[in-house]
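Asks: So that we are looking at the same thing, I have put the structure below in C-alpha cells.
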Amino acid sequence: RRCRHGCGRAAFQDYPTCCTRCRGVDGPHARDCFEKSATASSSSSATQPMALALRVLEAELLRNFDVVGRMDPFARILWAPAGDDVRRLEIGRTRSAWGAHMKPVWDHTCRSVHYGGPAAGDTLTIEILQERFGGLGSATFCGAVTVLVEEVVRGAARGTDALRVAPQRTLSFTFHGEKTGTVTVQAVLFVVSVADSPTSGGFTSSVTCLPTSGCLTMADRAIFHTPVERLGVSGGTAPFFSVKLRAPEKGRSPSYWIGKDLSRAMDEVTFYEKLAELRRGGSRGFGPLLAFMFDYGGVLECTEAGMDATAPTLQLLLLQNLRDGCRGLRMLDIKVGEKTAAPGWQGKSRLAALRQSVVDGLTNSRAEGFRLEGFDGPPPGVQSLDPLIDLGSFGYIAESMRKKFARILLQRMPAAEILMHFVDLHQQEYEPAELDCETYLAPTEFAEMVLCEVLVRLVQLATACMGAPAPQKWVGSSVALGFDAMCLPLRAAPRQEQLSSVRMHIFDWGRSELNTLENHTALSANDQADRLEYWRYYMGGVHRLAWEVARCYWHRFGNTRGWDEVVIRVYDFNSHSSNDYIGEARAEMTPSEITVPLASPSGALVKGRGGATTIAYRMGWRSFPADSALCGALRVEVTRATNLPVCDTAKGSSDPFFSVVATDTQGSCSFRQDSSVIVGCLDPVWREVFEVPVSRSRPEFLEALLDADASATRIQQVLPPSVEPLRPGDEATALSCWSQCLHRQCSRRSIV
C-alpha cells in the first residue's frame, strides 16, 4: 500500500501516508521516512516496487491558437491516483518550444511516480498550452488528453537491469470535444530500491570516509606490493604509479591495475564511485555502457619508492591498466564532442570554457565532432611530423613550446589521417621468428583484424549510447583505441586470443556526471534540455568516429577485385598549412627497381635545380596463406627521389614525403598510405615498402550493417572514399544514412 500523496513510498503502518510531513511527489519527508518506507516495502512484498517515468517527445497541433505569428507550445503532465480525479499532481512541465508553432519537439522526462501495476487505475493527463506575449501573459489552452497509466505502459518489454521501455504512443488531445492535435509519449518503468536513496550510499563494508572527498571505496593495501614506483605524467598533470598485485586473481596479471594520483583526480573519483555502486547493485540500464568503462579498484593508500619516512602517504585511484599484457601499446586518445567545455559546469569557469571553445573551433572537434589528444606508440611516419618545421628560421624554440605545437598538430589532424597512421605497421620492427608468415600473422593481416574489431566495438558503443536510460553530460571525455603494435599473433591461435591486445574504452570523467533515470526525472526542463544538448554532441562524435573507421576499413580491406591503378604522389610537408603538391608517377608491376619521372596531373614534367625530378620504385605481389582473410597484397617499395624542386624558399630546400594511392575501376575502394617525412632534403632516400591488400570476400559484418533492408543505400554512397575531400552535401547524406543504420542496430529508440 502506497502513500496517498503520490510520492511512491510505502504508507506507514495503518496510516494513509508515509509520514506526517509528506505533501506530494516532492515531499517534504521526515528524516527517517525513507528507511521506514524501505523496510515496509521489503517486508510486505517479495518484489521490488517499480516507478514510472513518462517521456513527452513531441506534438502536432491541427489548428493555430495564436492570433498573430507562430505558436510557442509547452505541455503540463499531471498524475492522479486511482479513484481521485480531483487531486491531480503535476509531475512535469516541458520547456516552451519557442517558434515551433504546430510541431513542437520537447523530449522531456517527467518526475517519476509509483507504478501500482496493471490494475491500479492511476491516470495521466497531458495538457497542451501555448505561451502568450513571450510568456508575459496567461497561457492559452490548446487541448488535453487523459489516459490510464496502463495504456501507456502496455507492451513494455523487460530489458536488462530491471528496466522496461514501452513503445511510443500517439495520443489525441481535444478541446471542447474537438480534436486539436496529437502528442507522442513513451513510458519507462524501472525498479526502485533502497540503493537509489542518497542517504543509503549503497557502499560495502570496505568503505571508509575521508574528510576531503566524502565516501570512498578503499582498496586493501595488503594485496599490493608497496612502496610503488612513479611512472610519470600522461597528458595532463596527474602522475601515474606502477601498482603490482601480490597474488592476482585468475585471469589477471600482477600489473592489472595502475595508480593515478588522487590529489589530481578528485574531479573523477565521484564518477568512479557511482560507477562502482551501479556495478554492485544493478547497472540501472547502463549495462552496455559499463562494459566500455575502466574497471575501478577503489583508492589505495601507500608510500612512494625513494621517498623518506616524512613524505606524506599517497592516495592512488586504482584504474584498469591498458598496457597490461602489451609489449608496445599503440593508443589513440580521442576527445569526443563538438563542445568540450561547459561554463559553470563541474568547476569550469566561464573564462576557461571560453578559451576551450576557441580550441574547439580551431581543431578537428568543430569539423568532425572529435579530436586527437594523444598518440602513444606512434609509427615512424607520425614521429617524423615536425610541428615546428615551418618555424625553422626563428632560431631556438623551447621544448615546452615544441610540445604545445605537437599537440596542436595532433588536434588538427583529420580522422582519415589519424586512422591511416593508427594501422600503419610497415616500419614496425619485429622479432625474426615473427616474420614467418606460416606461423604468425603478417602485419597487414593483423592490421585488418584490429581495424575490424575496433569497428565492431565502436558500433556497439554507439548503439549502447542510443540505449542509455537518460541523456548524459559527458563533457571532454575520451575514447581510447589501441592494440599491441609490437607483437604479432600466432596464426593458429583462436581469434579471441589474436584480438586480446585490442583496447576500446571510454574514460576521462573529470567534467562528467553519471545521470540515472531517477536523477534525470528530477531535473528541471531547462536542465534536461542541457543534458540532451551535450549528449547529442557526444553521440554525434561517437557516430562520426564509427563512420570514419567504417570508411577506413572498407576502402583498405573491402576490395576483392584487385587494384587497377597505383599512383605515387610526392608532397612537401607543411606543419601549419596545406602540404605542397610536387608531382606523381603511375606505378606498374615490375620485379626490379625502375626510375620514372614525376609529372603534374596535366602531364607536365616536374623539374628541380639539377634537372628532371625522378622517383625510383618497384612493385610486386605477395600471397597470404589460404586461411587468411586476405588473398594477397601489392608490395610497393619506393626507394628514392632525385632533383626535387625547392618548396620552402626561406630554407632553400623541401621536406618531402610520398603517398601511395590505389583505386579500382569502379571507384568504390581507394587506398592511401603516407611515408615518413625527410626534413630539408632534395634527394630523399626512403626505402619504405607498402602493402596494398586484396580481400578474399567482402566484410560480412559491414555489409549486414548497411544492407539491413532492401532500400539501403549502396555501400560506396554511405562510405565514400577519403582520399579526396567530400562535398558538404555528400558528407551530410552519407552520415545521415550511417546514423539510420546504427539506429536499426539499437534494440530500443534512442533518447535523442
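Asks: Rg and Dmax in Å for the stretch 584-625, alpha carbons only: what are they?
Replies: Final numbers for Rg and Dmax: 13.3, 47 Å.
Asks: Now for a different question. Within the stretch 671-710, list the residues whose amide N lies under 18 Å from a label point set 7 Å along Cα→Cβ of Arg635.
Replies: Flagged as within label range: 686-695.
Asks: Further, regarding this structure: Using only DSSP helix segments of four residues or longer, with each worth -39500 (n - 2.57), what per-residue ellipticity at 222 nm results for the chain after dividing by its residue count and rounding to 500? Numbers along the way, then the final one.
Replies: Numbers: 16 runs with 175 residues, N = 752.
So the helix-based figure for the chain works out to -7000 deg cm²/dmol.
Asks: With N set to the number of residues, divide the alpha-carbon radius of gyration of the chain by 2.2 N^0.38 Å and report two decimals.
Replies: With N residues counted in the chain, Rg over 2.2 N^0.38 Å equals 1.11.
Asks: Rounded, prolate or oblate: which fits the stretch 338-468 when a ≥ b ≥ c are the square roots of the eigenvalues of the alpha-carbon gyration tensor, with rounded for a/c under 1.5 and prolate only if a/b beats b/c?
Replies: Numbers: a/c = 3.10, a/b = 1.30, b/c = 2.38.
Oblate.
Asks: What angle, in degrees between 0 and 90 and rounded to the nearest 10, separates the Cα long axis of helix 443-466 from the longest principal axis of the Cα atoms of the chain?
Replies: Tilt of helix 443-466: around 20 degrees.
Asks: Once Rh for the stretch 508-664 is found with the Kirkwood sum over Cα pairs, what is the Stokes-Einstein diffusion coefficient at 4 °C and 1.567 mPa s, in µm²/s?
Replies: Answer, rounded: 64 µm²/s.
Asks: Right, something else. When the chain is fully extended, how far beyond the present Cα-Cα distance does Asn574 get from Ala604, taking 0.36 nm per residue of separation?
Replies: Residue separation times 0.36 nm, minus the Cα-Cα distance, leaves 8.4 nm.
Asks: So for the pair Thr140, Ser592, with labels modelled 7 Å out along Cα→Cβ, what separation do we get in nm?
Replies: Each label point lies 7 Å from its Cα, and together they span 8.8 nm.
Asks: Continuing with this model, one more query. Round to the nearest 0.05 the FRET efficiency obtained for Lys403 and Ala30 when R0 = 41 Å and r is the Cβ-Cβ distance.
Replies: Approximately 0.10, to the nearest 0.05.
Asks: Hey, another quick one. Kindly report the accessible area of the stretch 438-537 per residue (heavy atoms of protein chains, probe 1.4 Å, no ligands, DNA or RNA), in Å². Present the calculation step by step, with values, prior to reporting the outcome.
Replies: Working: 2880 Å² over 100 residues.
On a per-residue basis, 29 Å².
Asks: Each residue of the stretch 618-634 in turn: what ³J(HN,Hα) in whole Hz from Karplus with 6.51, -1.76, 1.60 and θ = phi - 60°, glycine and Pro shown as x?
Replies: Computed from phi, the couplings for the stretch 618-634 are 8, 9, x, 10, 10, 9, 9, x, 5, 8, 7, 6, 10, 7, x, 7, 6 Hz.
Asks: Going out from 0 in 10 Å bins, what whole percent of all Cα-Cα distances in the stretch 520-577 drops into each bin?
Replies: 16, 21, 25, 18, 12, 8, 0
Asks: While we're here: Using the beta-carbon distance between Glu438 and Lys103 and R0 = 45 Å, what value does 1/(1 + (r/R0)^6) give for FRET efficiency, to the nearest 0.05? The partial results should precede the final answer.
Replies: On the way: r = 64 Å, r/R0 = 1.41.
So, using R0 = 45 Å, E works out to roughly 0.10.
Asks: Output the Cα-based Rg and Dmax of the stretch 377-453 in Å, rounding Rg to one decimal and Dmax to a whole number.
Replies: In Å, with Rg to one decimal and Dmax whole: 16.7, 52.
Asks: Please express the shape of the stretch 439-554 as an equivalent ellipsoid: the semi-axes are the square roots of 5 times the eigenvalues of the C-alpha gyration tensor, given largest first in whole angstrom.
Replies: The three semi-axes for the stretch 439-554 are 36, 13, 11 Å.
Asks: Measuring from label point to label point, each 7 Å out along Cα→Cβ, what is the Arg154 to Glu724 span in nm?
Replies: 5.6 nm
Asks: Out of every Cα-Cα pair in the stretch 651-742, what percent are more than 23 Å apart?
Replies: Value for the stretch 651-742: 46 percent of Cα pairs lie more than 23 Å apart.
Asks: What percentage of the solvent-accessible surface of the chain, computed with a 1.4 Å probe over protein heavy atoms, is contributed by carbon and sulfur atoms?
Replies: It is 51 percent, rounded to a whole number.
Asks: Something else: What is the stretch 487-627's relative contact order, in percent, from Cα pairs under 8 angstrom and six or more apart in sequence?
Replies: After rounding, I find 12 percent.
Asks: Compute the long axis of helix 266-281 from its Cα atoms, compare it with the longest principal axis of the Cα atoms of the chain, and write down the angle in degrees, 0 to 90, nearest 10.
Replies: For helix 266-281, the angle is close to 70 degrees.
Asks: Output the Cα-based Rg and Dmax of the stretch 617-665 in Å, rounding Rg to one decimal and Dmax to a whole number.
Replies: 17.2, 54
Asks: Next question, about the same structure. Could you state the angle between the C-alpha long axis of helix 33-44 and the longest principal axis of the C-alpha atoms of the chain, as a value from 0 to 90 degrees rounded to the nearest 10?
Replies: So the helix axis and the longest Cα principal axis differ by about 90 degrees.
Asks: Modelling each spin label as a point 7 Å along the Cα-to-Cβ direction, I'd like the Arg366/Ser500 distance in nm, to one decimal.
Replies: Placing both labels 7 Å along Cα→Cβ, they lie 4.6 nm apart.
Asks: Quick one: accessible area per residue over the stretch 264-309, 1.4 Å probe, rounded to a whole number of Å²?
Replies: 38 Å²
The values are calculated or read from the model by the stated rules, or taken from the named source; none is laboratory data. For clarity, every value in this text was computed on a predicted model and none was experimentally measured. For neighbour counting, all protein chains shown are included, and Cβ atoms are generated from backbone atoms with ideal geometry for every residue, glycine included. In case anyone asks, the SASA skips ligands and DNA or RNA and just uses the protein heavy atoms, side chains included. Shrake-Rupley method; radii C 1.70, N 1.55, O 1.52, S 1.80 Å.
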